[in-house]
Amino acid sequence: MRKHQIYVNGQWKDGSSGQYTDVKNPATEEVIAQVTTGTKEDVDEAVAAAAAAFNDWNQLAPKERANYLKKIRQGIEERTDELAETMVAELGCTITFAKETQVGLTLTEMDATLEEFETFQFEETIDSTLILKEGTGVIAAITPWNYPLNQIQRKITPALLAGNTVVVKPANETPLAAIIYAEIIEAAGLPAGVFNLVTGKGSDAGDYLAGHSDVALISFTGSTEVGRGLYEKAAPQIKRLVLELGGKSAMIYLEGGDLEVAVKQVSDTIINNSGQSCSALTRLLVPKNQLNTVKETLLNYFNEHAVLGDPTKEETTIGPMSSEKQFNTVLDYIEKGKAEGANVLIGGKAVEGKGYFIEPTIFTDVTNDMTIAREEIFGPVLTVISYDTVEDAIAIANDSDYGLSGAVVGPAEEAERVARQLRTGNVYVNNGARNSKAPFGGYKESGIGRENGLYGLEDYLEIKALFK
């Protein structure tokens, strides 16, 4: 079994603890690798390397920084199959989703940001004043387990282009794709110290990294609970925060809309990645008089498209939960849904045998005050809520602590009118396509800051005015 090192100051090295953490395949429950359990000493060394590299990297011409990122992007594409297979093994996502989305979206978003970056101006003049935009400093990039590759990309691409140096702490459950990412960066010839990777527990290495006095900005993707605690880590040095947190996003289906489109959009976010996406459309809001038709359409879609099983097989569309902990969390929410009076349309239980598999589950007769309608479950669980009027639907959708994503399917003019009233960072209207140049981020407890394109770049810049 391979033991993986950390990557600090352009070198692979053993951690100071001499200890390793197991990485488990959630489909088989087998240990597939071990990674260094990083310590405070390892974090100190990584931050010191990033701080020492910052000035030269920040002064490097933007075009030269972009050239490095293009090499990294090429390296990712060349190792697509290896990255996809690695994420199937460590996360349990299906091989098709790993190739098309886990890796594919990474490449698409890098292309979009690099294209936008070509026209970005780091200097502008207002009257006689010169306005300069420059890197912030050392970035602590703390990333989640559900998108082990792209969530790192979403941080380091804009951070490095802006002139920052980074220390990445990947999720303890899924560190292997991050290690391949570091190998790609090493092969691209990035100067020593510009990128550093320390594996380890979030409660130890991650917390210490976030609170490190030489870190200028904390970029975190994960739960709202953890994000809330990072304010305390940022407070002593008034660090800046970029937080992409939880979601409980709503799809509003309007009478007269294309029900097949609405059901597909919602269902795919529950099926893909086993529902382990912060932007999943986990609340489906439907007119009361359409409820029976919606149930039938949902059943037909899931019966045809929800194929639970071995994630290495092309025909599988749903794999296991990422870990035993997440498996138990999702099952607990399902039991809460039953106890609160929601009805199970399909699913509702674990699959017997090896692996952390849970049947895709649809709850009907849900009210928006139920736990399963208010809290992020992060699994293949859909709640169906009926409404009387369109205004009721808008109120229900907005009655959430979160505001990350959303969708509306209905007659074009009405659908856009409704979408404009949703208090959320992203809204899909009918067949609206995702745009990787557009900002991604949330309102309320779904976070602060934005990712993708130039909107993501801005969060990693300081602004200086020179009065001449």
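Laid out as a table, the results:
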| quantity | calculated |
| --- | --- |
| Karplus 3J(HN,Hα) series, Hz, for segment 365-371 with 6.51 cos²θ - 1.76 cosθ + 1.60 (x for Gly, Pro) | 6, 9, 10, 6, 8, 6, 4 |
| Per-selection metrics, segment 117-251 (Cα): Rg and Dmax in Å | 16.1, 53 |
| Cross-link reach list, aspartates and glutamates versus LYS437, counting only Cα pairs under 19 Å and skipping chain neighbours closer than eight places | GLU100, GLU109, ASP111, GLU115, GLU116, GLU118, GLU244, GLU451, GLU458, ASP459 |
| Percent carbon-and-sulfur accessible area, the chain, ignoring ligands, DNA and RNA, probe 1.4 Å | 46 percent |
| Length added when fully stretched, HIS305-TYR231, from 0.36 nm per residue minus Cα-Cα | 22.5 nm |
| Estimated [θ] at 222 nm from DSSP helical runs (n ≥ 4, -39500 (n - 2.57)) normalised by residues in the chain, nearest 500 | -11500 deg cm²/dmol |
| Residue-span extension gain [ASP268 to PHE467] - 0.36 nm each, minus C-alpha spacing | 66.3 nm |
| Nitroxide proxy distance, nm - points 7 Å out along Cα→Cβ at GLU78 and SER17 | 3.4 nm |
| Label-point separation, LYS349 to VAL429 (7 Å along Cα→Cβ), nm | 4.5 nm |
| Net +/- balance of residues flanking SER322 in space, Cβ distance below 13 Å, scoring K and R +1, D and E -1 | -2 |
| Cβ-Cβ FRET estimate between ALA339 and LEU291, R0 fixed at 30 Å, reported to 0.05 | 0.85 |
| Segment 280-381: C-alpha gyration tensor shape, a/c 1.5 cut-off, then a/b vs b/c | oblate |
| Of (i) -0.41, -0.54, -0.84, -1.02; (ii) -0.36, -0.47, -0.73, -0.88; (iii) -0.60, -0.70, -0.86, -0.94, the label for log10 I(q)/I(0) by the Debye sum over Cα atoms at q = 0.07, 0.08, 0.10, 0.11 Å⁻¹ derived from the coordinates | (ii) |
| Counting DSSP beta bridges with both ends in the chain, the antiparallel % (nearest 5) | 45 percent |
| Cα-only Debye scattering, segment 158-231: base-10 log of I(q)/I(0) at q = 0.11, 0.26, 0.28 Å⁻¹ | -0.30, -1.41, -1.47 |
| Dipole of segment 339-390, positive end: most advanced residue of SER386, GLY341, PRO360 [Cβ charges, Cα centre] | PRO360 |
| Listed residue (VAL286, GLY275, ALA262) projecting farthest to the positive dipole end of segment 239-287, Cβ model | GLY275 |
| Per residue accessible area of the chain, 1.4 Å probe, in Å² | 40 Å² |
| Neighbour net charge for SER213 - beta-carbon separation under 12 angstrom, K R +1, D E -1 | 0 |
| Cross-link reach list, lysines versus LYS313, counting only Cα pairs under 20 Å and skipping chain neighbours closer than eight places | LYS24, LYS99, LYS354 |
| GluC sites (Glu not before Pro) restricted to segment 290-327 and DSSP loop, no more than 16 other C-beta within 10 Å | GLU314, GLU315 |
| Local net charge near ASN289, Cβ-Cβ under 10 Å (Lys/Arg +1, Asp/Glu -1) | -1 |
| Helix 259-271 axis, angle to the chain major axis (alpha carbon atoms, nearest 10°) | 50 degrees |
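The values are calculated or read from the model by the stated rules, or taken from the named source; none is laboratory data. Please read these numbers as outputs of a predicted model, since none were measured by experiment. So basically every Cβ, Gly included, is an ideal-geometry build from the backbone, and we count neighbours across all protein chains shown. Calculation scope for accessible area: heavy atoms of the full protein, side chains included, ligands and nucleic acids excluded. Shrake-Rupley method; radii C 1.70, N 1.55, O 1.52, S 1.80 Å.
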